[in-house]
1. Does residue 105 fit the bill of being within 15 Å of the ligand (Cβ to nearest atom), closer than 30 Å to residue 194 by Cα, free of Cβ contacts under 8 Å to residues at least 60 places away in the same chain and surrounded by fewer than 24 Cβ atoms within 10 Å (Cβ to Cβ)?
2. Go through region 42-82 residue by residue and tally those that are in contact (Cβ under 8 Å) with a residue 12 or more places away in the chain, under 30 Å from residue 156 (Cα atoms) and within 13 Å of the ligand (Cβ to nearest atom).
3. Collect the residues in region 170-194 that are crowded, with 23+ Cβ neighbours inside 10 Å and more than 23 Å from residue 33 (Cβ to Cβ), keeping them in residue-number order.
4. Within region 210-233, is there a residue that is closer than 23 Å to residue 75 by Cβ and either under 18 Å from the mean Cα position of the chain (by Cα) or part of a strand (DSSP E or B) (or both)?
5. For region 123-152, how many residues meet the condition of being over 15 Å from the mean Cα position of the chain (by Cα) and in a helix (DSSP H, G or I)?
6. Just to check your reading of the model, which residue among 95, 85 is within 14 Å of the ligand (Cβ to nearest atom) and either out of contact with any helix residue (DSSP H, G or I) (no Cβ under 7 Å at 6 or more places or on another chain) or closer than 27 Å to residue 212 by Cα (or both)?
7. Any chance region 22-31 includes a residue that's more than 9 Å from the ligand (Cβ to nearest atom) and within 30 Å of residue 210 (Cβ to Cβ)?
8. Yes or no: residue 113 more than 13 Å from the ligand (Cβ to nearest atom) and modelled with pLDDT of 95 or more?
Ligand SMILES: C[S@@+](CC[C@H](N)C(=O)[O-])C[C@H]1O[C@@H](n2cnc3c(N)ncnc32)[C@H](O)[C@@H]1O
């Protein structure tokens, strides 16, 4: 197993007292680095690039899909701040820092926005400082934690977020990393149970019922080489994560069409996005 415990990976930031060295298994593909490659980033290893290329060869549209996911995230945060008055975000499955991270979009419109980032990949941890460049009027925090440990996430996030006020729970491109056997719907429910009425849930989730044959091949190939398997889901399965909440317009749709101006009716992307309010 290839382990990086020092700065042999040129893109890892130098460790500091607050951010010590991280252990990274470079020999197996990880979703954060695969995704980074698809987005045109440089924070990935050969195993990640090979996995990413395997998917591109069976589903080239993945490149448009991941870009559309970032744009959906930006539009969702913008609408939550400007239309719903949300000032607090719990962003689980943050990914490697890229353009327009959640706090940047939120604080651009409302500098007092507070954001807690959560990810379980040590490479994201190593880059956490880039996620912490908060506007002084607001706050950001980073938790090295797993979505399956909702109690830990909620306890730690309470140091930065006020759970008596509305919070937007962001699960953008992460629930497909949780297999059915780990009860993703139960995890979503536990997070939403912890936030008050007026809070929101944002989900982006790759589809298995759009471009189904290509997606099936891509997912099988990915799961043969990845450290953790992915589970693509149907519209009905993704919609069920919003049970008990009120989906805001336009509902759960291919995410490049979610409040896009102009909405592109011709392109099909196997990626759903939706935003819902807790009544
Ligand atoms: C596809 S990336 C999405 C990044 C970002 N949300 C976006 O849309 O651009 C998925 C991220 O979720 C993280 N992740 C996967 N499984 C996780 C888990 N069980 N707990 C926490 N983070 C997880 C990965 O490390 C990765 O950074």
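1. So residue 105 fits the description; yes.
2. Of the residues in that region, 11 qualify.
3. Of everything in region 170-194, just one residue is crowded, with 23+ Cβ neighbours inside 10 Å and more than 23 Å from residue 33 (Cβ to Cβ), namely 188.
4. Yes, because at least one residue in region 210-233 is closer than 23 Å to residue 75 by Cβ and either under 18 Å from the mean Cα position of the chain (by Cα) or part of a strand (DSSP E or B) (or both).
5. Keep residues of region 123-152 that are over 15 Å from the mean Cα position of the chain (by Cα), which gives 126-127, 129-130, 132-141, 149-152.
Narrowing further to those that are in a helix (DSSP H, G or I): 126, 129-130, 150-152.
Total satisfying the criteria: 6.
6. Values: 85 fails: within 14 Å of the ligand (Cβ to nearest atom).
On inspection, the qualifying residue turns out to be 95.
7. Restricting attention to region 22-31, the residues satisfying the condition of being more than 9 Å from the ligand (Cβ to nearest atom) are 22-29.
Those left that are additionally within 30 Å of residue 210 (Cβ to Cβ): 28-29.
Yes, region 22-31 contains a residue that is more than 9 Å from the ligand (Cβ to nearest atom) and within 30 Å of residue 210 (Cβ to Cβ).
8. It is true that residue 113 is more than 13 Å from the ligand (Cβ to nearest atom) and modelled with pLDDT of 95 or more.
The values are calculated or read from the model by the stated rules, or taken from the named source; none is laboratory data. No experiment lies behind these values; they were computed from the predicted model shown. In this analysis, Cβ positions are derived from the backbone assuming ideal geometry, glycine residues included, and neighbour counts consider all displayed protein chains.
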